[in-house]
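Data first, discussion second: the structure below is written as structure tokens.
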Amino acid sequence: MFQQPNWLRQLIRRNTKPITENQAGVWKKRLALGYALIAWNAFGIVCYLIYTGKGGWMTQKQEEEANMTPAQQWTKTLGIKDATVYRISGLKVQKYEVHNDFEKGTSEKHNIDSAGKIEDDKININ
């Protein structure tokens, strides 16, 4: 595993009393049983959701984010309503603005080229 820092080991030993090996074995079995029950229930819930047809929550979010640029994803995650993005690829610089409307659940990308012409892309973010 990993090497435990000496100061942490001293702190734990100073503030706790030692237990016997039998008691440690009992607690190890209890924790293993609790972990097994939790894992089995989580597996059952996932199987139930797939069986009832509600297992699409995994792919639905991926499909929505596949249509969004990384800048749109980050502005949505950080809760930024309006942002200007400069995308640099080699010697080419592309500027566009991202407008999020969290009430309507939409994200708009306005491409701005060197001539000042604006192109719009609307994406549903909810």
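Please determine whether any residue of region 52-62 is of a type in the set (A, V, I, L, M, F, W, C), at pLDDT below 85 and in contact with a helix residue (DSSP H, G or I) (Cβ under 9 Å, 6 or more places away or on another chain). Within region 52-62, one or more residues are of a type in the set (A, V, I, L, M, F, W, C), at pLDDT below 85 and in contact with a helix residue (DSSP H, G or I) (Cβ under 9 Å, 6 or more places away or on another chain). Only a single criterion out of (1) aliphatic (A, V, I, L, M); (2) modelled with pLDDT of 95 or more; (3) not in a helix (DSSP H, G or I) is not satisfied by residue 42, namely (3).
Listed by first and then second residue, the pairs linking a residue in region 72-87 that is closer than 12 Å to residue 99 by Cα to a residue that is among the charged types (D, E, K, R) and part of a helix (DSSP H, G or I), with Cβ atoms under 8 Å apart and 6 or more places separating them unless they lie on different chains, are 73/65.
The values are calculated or read from the model by the stated rules, or taken from the named source; none is laboratory data. Computed from a predicted model, the values in this text were never measured in an experiment. Reconstructed Cβ throughout: ideal geometry from the backbone, glycine too, with neighbour counts over all protein chains shown.
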